[in-house]
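The values are calculated or read from the model by the stated rules, or taken from the named source; none is laboratory data. Note that this is a predicted model, so its numbers are computed, not measured. Here the Cβ positions follow ideal geometry from the backbone for every residue, glycine too, while neighbour counts run over all protein chains shown. Each accessible area value is taken on the protein alone, full model and side chains, heavy atoms only, with ligands, DNA and RNA left out. Shrake-Rupley method; radii C 1.70, N 1.55, O 1.52, S 1.80 Å.
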Amino acid sequence: MKMTFRNLVSALAVVTFSQSYAQESPKYDYVEAFKPFFYTQTGTSTRSASGQPGYAYWQNAADYHLNVSLNEVNNEITGTAEIKYTNNSPDKLGFLWLQLDQNLFEKDSRGNAVVPMSGSRNGAHGEEFQGGYKIKSVKLDGKEVHYTITDTRMQIDLPSELKARGGVAKITIEYSFISPQYGSDRMGIQDSKNGKIFTMAQWYPRMCVYDDVMGWNTMPYLGASEFYLEYGDITANITVPASHYVVASGELLNAKEVYTKEENSRWEQARNSDKTVMIRPESEIGKDKQAGTKTWKFKIKQARDFAWASSAAFVLDAARINLPSGKKSLAISAYPAESGGEKAWGRSTEYTKAAIEHYSAKWYEFTYPAATNVAGNEGGMEYPGIVFCHMTSKGAGLWGVTDHEFGHNWFPMIVGSNERLFAWMDEGFNTFINELSTEAFNKGEYYQKKNVAQMGSFLMNDRFETMMTGPDNMKESSIGILAYFKPGVGLGVLRESILGPEKFDKAFRTYIQRWAFKHPTPWDFFHTMENVSGEELNWFWRGWFINKWKIDQAVKSVKYVNDDFKNGALITVENIGQLPMPTTVQVKFKDGTERTANIPIEVWKRNTEWTFRLDSAKEIDEVKLDPKSEIPDVNMTNNTWTSANAKP
């Protein structure tokens with residue numbers, strides 16, 4: 001999901017710089033920073049201490065066969081969900097839990113109850129309608145079964161326990177609901193000049209995750225925190241007005257039935273073209289005024305969710321995606337005519353193709369047959385193989401949201417972390433990889449290098465909660481910083497200044513490979529990064545992720561040996577803040593030359609300050625820490641010593 005805080009960050013960093021550091025902060029304690037036993041749990045049969053799945057790792061599976069109909073006049077969805085749930089756990093299960101996320105839009109939902117009077121991006125923005133699921137029937141193996149609905153959860157009582165290690169339950173649920181116009185910035189209905197655009201998500205009952213960490217994960221859906229879902233194969237038959245065009249997660253199975261002969265020919269052109277091919281141009285909108293309905297059939301394999309969009313107003317275009325293995329996928333864009341143009345959605349497919357190809361080459365190959373970008377009323381929201389971005393986005397904004405939402409196909413669509421608890425494991429990781437993809441896109445067309453050093457006081461302001469706080473447990477204004485920006489910056493610091501790109505990239509790829517289509521915890525990530533890189537990083541996890549420690553390093557003094565610069569200099573660097581960092585010291589001489597000294601993290605394991613001798617016969621003009629501005633420091637005024645300001 002895309003947050004809108006990003007444009008404020010640079011300004012806020014400067015504004016809060018002097019304010020936040022005025023607060024008294026604890027001083028550096030090297031014993032506390034590097035104390036042992038950071039990992040409270042050793043390896044288990046399901047999760048190795050090396051960070052990989054254990055020899056007995058298991059997870060349950062959920063396959064779905066979905067039949068759904070759209071009533072365009074009433075904005076109503078009517079469907080049947082057939083679920084095959086496989087219990088691979090070592091436990092017998094006496095009941096099952098499912099998620100009913102549409103119940104967020106019931107008037108008396110818990111999610112509505114936590115919306116403040118000042119408003120929120122979550123919920124239905126004050127729209128009053130009969131929201132939530134209307135459950136017609138729930139059956140187990142064809143027979144009615146007892147169930148209980150509590151807010152956004154359903155518990156099904158089983159007549160007999162579902163056996164461990166392979167037991168299968170077949171559930172059928174008949175349901176309907178009225179779609180909100182604005183569905184918590186994740187789904188909804190957008191008016192356009194040629195008709196409504198329906199972007200449908202959280203639209204069918206989904207299994208809760210049963211795992212080896214928490215058992216059943218049944219946190220209610222309140223709007224802010226996202227999702228935690230099981231993997232499986234999903235087929236969907238989507239019946240809509242005949243004039244509509246449908247795009248969805250996965251592969252379209254009946255293209256010849258729903259597209260004209262000419263449109264099918266254009267699809268074949270697109271599958272073999274690196275340039276965008278128009279499938280349904282604006283000039284053809286409104287010409288096909290068929291009565292009745294059409295059913296569009298889709299299938300996606302090894303996916304944790306399914307979303308779709310439908311409209312008579314769609315312009316459609318597409319191009320081939322080239323994957324490292326030689327396989328091909330398809331970049332698709334669906335948008336209303338008023339969103340078109342080369343400065344806006346006319347470049348959407350180009351952006352989609354570039355993002356998918358970049359992430360596939362650098363981290364892990366894209367696994368779905370298509371990547372579809374849909375223009376709706378969402379700021380930006382991600383689902384397997386399909387994303388929703390706002391129809392008014394254009395230029396750098398459209399690239400940014402497209403790149404971000406498709407980055408989510410790696411986190412959390414491929415690496416299936418628990419977004420309800422650890423938003424930084426998908427939003428933060430994604431924000432980090434977005435920075436690299438934006439730098440790579442079209443020779444940096446939209447790239448602007450950030451001055452990370454200036455962000456310290458903003459990122460480490462005392463008013464923010466810790467990054468490990470769940471999104472439902474932090475101020476809504478903190479989510480953009482703590483779920484997206486701070487973890488993204490942190491991974492950048494880890495890559496550029498602590499491990500180096502080569503070691504970091506190897507470890508990060510290993511993490512993705514190990515946990516593709518599985519359920520990692522933060523500790524699995526921490527273990528993997530340390531084991532693969534070979535570096536002790538508990539001080540970094542402890543300070544940046546677990547706590548909200550500040551970074552503050554300073555040039556304490558510069559003295560010439562025997563008061564003569566020809567004898568060299570003694571430079572003292574101090575670690576004041578609680579979180580240490582490897583330290584880069586740049587020395588500039590008055591003759592215009594310069595030299596750099598690197599102080600490794602190990603120096604700070606037993607020292608609060610460090611003096612080193614610089615062998616030189618030149619007079620020093622300036623000593624500066626972090627010359628590339630890669631470390632966020634809360635007090636940059638003490639980072640530089642100059643001869644002009646030096647006391648006699």
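Key figures for this structure:
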item: Cross-link pairs beyond the 28 Å C-alpha cut-off, checked among LYS107/LYS394; LYS2/LYS343; LYS559/LYS605; LYS294/LYS394; LYS107/LYS299; result: LYS107/LYS394; LYS294/LYS394; LYS107/LYS299
item: MET468 - accessible surface, heavy atoms, 1.4 Å probe, Å² rounded to 10; result: 40
item: Förster radius 35 Å - calculated FRET efficiency between ALA361 and SER629 (Cβ-Cβ, nearest 0.05); result: 0.80
item: Set of aspartates and glutamates near LYS486 by C-alpha distance (under 17 Å), chain-local residues within fewer than 8 positions excluded; result: GLU419, ASP426, GLU427, GLU435, ASP462, GLU465, GLU476, GLU496, ASP552, GLU630, ASP633
item: Set LYS301/LYS548; LYS84/LYS275; LYS27/LYS588 screened for pairs whose C-alpha atoms are more than 31 Å apart; result: LYS301/LYS548; LYS84/LYS275
item: Calculated [θ] (222 nm, deg cm²/dmol) that DSSP helices of n ≥ 4 give over the chain, each run adding -39,500 (n - 2.57); result: -5500 deg cm²/dmol
item: Label-point separation in nm, ILE149 to GLU282, each point 7 Å along Cα→Cβ; result: 4.3
item: Kirkwood hydrodynamic radius over Cα pairs of the stretch 375-511, then Stokes diffusion coefficient at 4 °C and 1.567 mPa s, in µm²/s; result: 82
item: Partners for LYS196 among aspartates and glutamates (Cα-Cα distance below 20 Å; same-chain residues under 8 apart left out); result: GLU72, GLU76, GLU127, GLU128, ASP185, GLU282, GLU284, ASP288, ASP317, GLU338, GLU378
item: Backbone HN-Hα couplings from phi across the stretch 393-403 [Karplus 6.51/-1.76/1.60, Hz, Gly and Pro as x]; result: 5, 7, x, 4, x, 5, 4, x, 6, 5, 4
item: The stretch 305-363: GluC sites (Glu not before Pro) in DSSP coil with no more than 10 other Cβ atoms inside 10 Å; result: GLU342
item: Loop-resident sites, the stretch 273-351, for chymotrypsin sites (Phe, Trp or Tyr not before Pro), counting at most 11 other Cβ within 10 Å (DSSP); result: none
item: Accessible-area value, TYR57, 1.4 Å probe, nucleic acids and ligands omitted, Å²; result: 40
item: Environment charge at PRO281 (Cβ cut-off 13 Å; Lys +1, Arg +1, Asp -1, Glu -1); result: -3
item: Reach of LYS143 by Cα under 15 Å, taken over aspartates and glutamates that are not fewer than 8 positions away in the same chain; result: GLU82, ASP157, GLU174
item: The chain, relative contact order in percent, only Cα pairs under 8 angstrom and at least six apart counted; result: 14
item: C-alpha long axis of helix 261-271 to longest principal axis of the chain, angle in °; result: 20
item: Neighbour net charge for GLY492 - beta-carbon separation under 10 angstrom, K R +1, D E -1; result: -1
item: Neighbourhood net charge (9 Å Cβ-Cβ; Lys/Arg +1, Asp/Glu -1) for ILE83; result: +1
item: Rounded accessible area of PHE525 (nearest 10 Å², 1.4 Å probe); result: 0
item: Centroid-to-centroid separation of the stretch 302-363 and the stretch 62-90 [C-alpha atoms, Å]; result: 25
item: Carbon/sulfur fraction of accessible area - the chain, other protein chains in place, 1.4 Å, %; result: 49
item: Inter-centroid distance (Cα atoms) of the stretch 146-205 relative to the stretch 511-562, Å; result: 39
item: Using alpha carbons only: equivalent-ellipsoid semi-axes of the chain, gyration tensor based, whole Å; result: 49, 29, 22
item: By accessible area with a 1.4 Å probe, ligands and nucleic acids excluded, highest first: order of PHE38, PHE95; result: PHE95, PHE38
item: Probe 1.4 Å, protein heavy atoms only - accessible area per residue of the chain in square angstrom; result: 40
